[in-house]
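As structure tokens, the structure follows; a few thoughts come after it.
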Amino acid sequence: FDDWGVKHNTVDDFQKALAVSCNLSFAKMGMSLGFKKIKETFDKFYFNSKGFEDLLILFKTGSINTNISNNYQLANISVGLEEISITTFHSALISSIIYQNGSIYPPYMIKNIKNLLNLGFYNHSGQLITIFHDNANFLKLKSAMAHVASHPRGTGRRAQPDFIKISLKTGTTGNRRPGFNAILTGFFPTVKAKYS
């Protein structure tokens with residue numbers, strides 16, 4: 001197990017690990033937690049769930065392998081490789097949960113429907129869902145995601161525009177043969193975010 005051949009030297013804390021995307025740090029954290037705790041967190045973030053529905057529209061979420069049987073698989077799922085898949089929607093949803101300190105409003109495409117007489121017969125009523133009750137860790141995570149774009153060695157530093165501060169996490173998936181996929185997920189602006 002390696003970190004794509006990159007040497008990060010000393011990684012002092014999780015903020016720097018997130019900024020430089022140090023897979024070895026993530027693997028070590030996952031190994032210390034164990035799969036049971038990791039799975040509980042993935043479950044709270046809607047992995048292996050039925051997704052969200054809005055009338056006839058289904059917003060699909062990602063999935064994880066729940067049959068983790070060895071340390072290599074545990075390291076991979078902790079890093080976000082091989083044992084996990086995610087949709088674009090789900091990625092944005094997770095960024096929203098992080099920004100909103102563990103809470104979300106269910107997503108929707110249709111706000112309301114009116115008939116020919118302009119009388120409403122459907123109205124989306126968003127109710128806040130609180131998933132986590134741990135604001136301190138979300139504040140640390142949001143700070144670390146901002147660091148990904150602002151740190152001199154941050155993997156998202158090239159995505160940081162001059163006119164707005166962003167917070168993100170980068171990722172790489174796939175394999176060398178057909179080419180890798182680069183993934184950016186996050187929210188902006190960093191303060192008072194409006195978009196995930």
Considering every residue within the range 151-161, establish whether at least one is part of a strand (DSSP E or B) and either open to solvent by 40 Å² or more (accessible area, probe 1.4 Å) or at positive phi (or both). no
I104 open to solvent by less than 60 Å² (accessible area, probe 1.4 Å), touching a Ser or Thr at 6+ places or on another chain (Cβ under 6 Å), among the aliphatic types (A, V, I, L, M) and farther than 19 Å from I183 by Cβ: yes
On the given criteria, is K114 open to solvent by 30 Å² or more (accessible area, probe 1.4 Å), in contact with a helix residue (DSSP H, G or I) (Cβ under 8 Å, 6 or more places away or on another chain) and not β-branched (V, I, T)? no
Selection status of I68, under 18 Å from G126 (Cβ atoms) and either touching a Phe, Trp or Tyr at 6+ places or on another chain (Cβ under 7 Å) or surrounded by 17 or more Cβ atoms within 10 Å (Cβ to Cβ) (or both): no
Does F180 fit the bill of being out of contact with any helix residue (DSSP H, G or I) (no Cβ under 8 Å at 6 or more places or on another chain), part of a strand (DSSP E or B), open to solvent by 60 Å² or more (accessible area, probe 1.4 Å) and free of Cβ contacts under 8 Å to residues at least 60 places away in the same chain? yes
Out of (1) touching a Phe, Trp or Tyr at 6+ places or on another chain (Cβ under 9 Å); (2) within 21 Å of T130 (Cβ to Cβ); (3) surrounded by fewer than 15 Cβ atoms within 10 Å (Cβ to Cβ), the odd one out for H90 is which? (3)
Within the range 184-196, take every residue that is crowded, with 16+ Cβ neighbours inside 10 Å and over 15 Å from R157 (Cβ atoms) and give me the one that is nearest to the chain's Cα centre (by Cα). T185
Would you please list the contacts, defined by Cβ atoms under 8 Å and residues six or more apart or on different chains, that run from a residue in the range 47-58 that is under 17 Å from M109 (Cβ atoms) and touching a residue at least 40 places away in the same chain (Cβ under 8 Å) to a residue that is of a type in the set (G, A, S) and not in a loop (DSSP other than H, G, I, E, B)? none
When you go through S103, S63, S143, S125 one by one, which is the residue that is closer than 19 Å to T173 by Cα and either without any contact (Cβ under 8 Å) to a residue 60 or more places away in the chain or not basic (K, R) (or both)? S63
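The values are calculated or read from the model by the stated rules, or taken from the named source; none is laboratory data. All of these numbers come straight from a predicted model, not from anything done at the bench. A quick note on method: Cβ atoms are made from the backbone with ideal geometry, for glycine too, and the neighbour counts reach across all protein chains shown. Quick note on the areas: whole protein, heavy atoms, side chains included, nothing else; ligands and nucleic acids left out. Shrake-Rupley method; radii C 1.70, N 1.55, O 1.52, S 1.80 Å.
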